[in-house]
Amino acid sequence: MTSAAPRLPALLEALGQRAPRGMVLGLDRVREALAALGDPHAGVAAVHVAGTNGKGSVCAMVESVARAAGLRTGLYTSPHLSRFAERILIGGAPIGDAALERALSAALERVPAPLTFFEALTVAAFVAFRDAGVDLAIVEVGLGGRLDATNVLAAPLCTAITSIAFDHVALLGPTLADIAREKAGILKPGAPVVLGPLDPEADAAIEAAARAISAGPRLRVARAERGGSAGEIAVGRAGPPARATRVAGPGRPAIEVELGLRGAHQAENAGVACGIAWQLAGRWPAIERALPAGLAAARWPGRLERIDAGAAQVLLDCAHNPHGAEALAAWLDEEGPGAARTALVFGAMADKGWGEMLQTLAPRAQRRLYATPQGRAAAPLDALQAIAPGEPIGDPRAAVARAIEVAGPGGLVVVTGSIYLVGEVRSALLGIAPDPVVTL
């Protein structure tokens, strides 16, 4: 830490001590805390993004586009991979130590009642955005939507739901419709809505929620490329290279761009990002013109991210549920070197769908090595072996070292199954000293 923020280590330690309290869904404590701090969120123009998967990528794309248009941006996402500061970006860079100290001090010490870990970080993000004078804040939902701490945003410029799949069912409900209704809780009267490709059950639930509150117009990303019917965003490949994507929306000229983010699924995320940008263009016309440059420049660490480890390439991907594993498998099928030259390092939290994930990914790697991520209780190594035979190593760094060895020259090591696993491995490979690991 720098001398400009002498109290930051103690504040981060105090923040981390709140993590064991777990998730407490609800908005009352956050609203009281923000009111005590002058409601810093109220004066910030914001975009609010929910979804099971893809919301982080969409937020990164929108932030990159807005910055390319000349706006001063704030981006709030979770979790982090190495450092808490990654959760709050100002102008595309992690918040500085001094600014983070001020924001955390306010959230931890100047509020009426103690906040949970995520509530405190959310309040700190809004304080940081106000203090930095951002033009636009892009805010990612932490969990669900309706009762998520970020849902104190009363009048976002635009809301978006990227995808609906089974995750956190104990908190959000057992059906896609239940999960969709929880995520639709971020919709606001009059605010336009952009939706990624959704299952009909989820789409119907969101549409009913939107009508009930008189939400603004809806734009939907179509799965097929059939450009431009009312309320529809069409996305598809524009040809080689693999990331060349074409996006067309109602009343908008089609754009073609080579996306900065890997994976065929990023075309649909780009469609959502374009829909958001089109809604913002009425206020900032430069945003629409900046779409090609911003989408090409977007980066999102730990999502199909390649790191050169000398003897082999390491691919880091934060897929942590079955839906994410399917997207990773699709990329491996299309762009990977084949199972014979691929080694899989897999570890997951026990409360995730690790069995289904591993069944999807195991056939794509001839060698499999199992690790235990730090954080909450992890999936047992013997249970992973029972699904697909592999080496139960435990320590993530040792597992990656062994995987590099068995993958051989020109091989690919895929590290996935848990965001915590990816964060630990990425920190080690890049020589980043991580902040203490927490469970949220």
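The values are calculated or read from the model by the stated rules, or taken from the named source; none is laboratory data. Worth saying up front: this structure is predicted, and the values here are computed from it rather than measured. So basically every Cβ, Gly included, is an ideal-geometry build from the backbone, and we count neighbours across all protein chains shown. We work out accessible area using only protein heavy atoms, side chains counted, and drop any ligands, DNA or RNA first. Shrake-Rupley method; radii C 1.70, N 1.55, O 1.52, S 1.80 Å.
Against the test of being among the aliphatic types (A, V, I, L, M) and over 28 Å from H80 (Cβ atoms), the options A339, A319 yield a single qualifying residue, A339.
Only one residue in Q359, Q366 is farther than 15 Å from I419 by Cα, open to solvent by 20 Å² or more (accessible area, probe 1.4 Å) and under 24 Å from the mean Cα position of the chain (by Cα), so which one is that? Before the answer, list the steps.
Details: Q366 fails: under 24 Å from the mean Cα position of the chain (by Cα).
Being farther than 15 Å from I419 by Cα, open to solvent by 20 Å² or more (accessible area, probe 1.4 Å) and under 24 Å from the mean Cα position of the chain (by Cα) holds for just one of Q359, Q366, which is Q359.
What helices (runs of 4 or more DSSP H) lie completely within segment 1-105 and have 2 or more residues being modelled with pLDDT of 95 or more, within 27 Å of G196 (Cβ to Cβ) and open to solvent by 10 Å² or more (accessible area, probe 1.4 Å)?
Numbers: elements: 8-16, 28-36, 55-68.
Ranges flagged: 55-68.
Does A234 meet the test of being more than 26 Å from L153 (Cβ to Cβ), open to solvent by 40 Å² or more (accessible area, probe 1.4 Å) and modelled with pLDDT under 95? Spell out how you get there, then give the answer.
On the way: more than 26 Å from L153 (Cβ to Cβ): yes; open to solvent by 40 Å² or more (accessible area, probe 1.4 Å): no; modelled with pLDDT under 95: yes.
No; evaluated as a whole, the condition is false for this residue.
Go through segment 333-354 and give me each residue that's at negative phi, in a loop (DSSP other than H, G, I, E, B) and not acidic (D, E). Those that are at negative phi, in a loop (DSSP other than H, G, I, E, B) and not acidic (D, E): G336, P337, G347, A348, A350, K352, G353.
Of all residues in segment 333-351, which are surrounded by fewer than 22 Cβ atoms within 10 Å (Cβ to Cβ) and in contact with a His (Cβ under 9 Å, 6 or more places away or on another chain)? Lay out the reasoning, then the answer.
Step one: of segment 333-351, the residues surrounded by fewer than 22 Cβ atoms within 10 Å (Cβ to Cβ) are 333-341, 349-351.
The answer is M349, D351.
Return the only residue of G411, G431, G390, G394 being over 27 Å from G16 (Cβ atoms) and open to solvent by 10 Å² or more (accessible area, probe 1.4 Å).
On the way: G411 fails: open to solvent by 10 Å² or more (accessible area, probe 1.4 Å); G431 fails: over 27 Å from G16 (Cβ atoms); G394 fails: over 27 Å from G16 (Cβ atoms).
Matching residue, one of G411, G431, G390, G394: G390.
For R368, indicate whether it is among the basic types (K, R) and in a helix (DSSP H, G or I). So R368 fails the test.
Look at segment 410-438: where a residue is outside any helix (DSSP H, G or I) and a partner is buried (at least 21 other Cβ atoms within 10 Å of the Cβ) and polar (S, T, N, Q), sitting 6+ places away or on another chain with Cβ atoms under 8 Å, you get G411/T342; L412/T342; V413/T342; V414/T342.
Scanning segment 282-332 for residues that are open to solvent by 40 Å² or more (accessible area, probe 1.4 Å), in a helix (DSSP H, G or I) and within 25 Å of A379 (Cα to Cα) returns H323, E326, A330.
From the residues in segment 110-150 that are among the hydroxyl-bearing types (S, T, Y) and part of a helix (DSSP H, G or I), which one is nearest to G54 (Cα to Cα)? Taking the candidates together, the pick is T150. Of the residues making up segment 263-281, just one is over 24 Å from E335 (Cα atoms) and not in a helix (DSSP H, G or I), namely A281. If I filter segment 147-159 for residues that are under 27 Å from G236 (Cβ atoms) and touching a residue at least 60 places away in the same chain (Cβ under 8 Å), do I get at least one hit? Yes - at least one qualifying residue is present in segment 147-159. With respect to I206, is the statement that it is in a helix (DSSP H, G or I), within 21 Å of the chain's Cα centre (by Cα), at pLDDT 95 or above and closer than 30 Å to V44 by Cα true? Judged against the criteria, I206 is a match.
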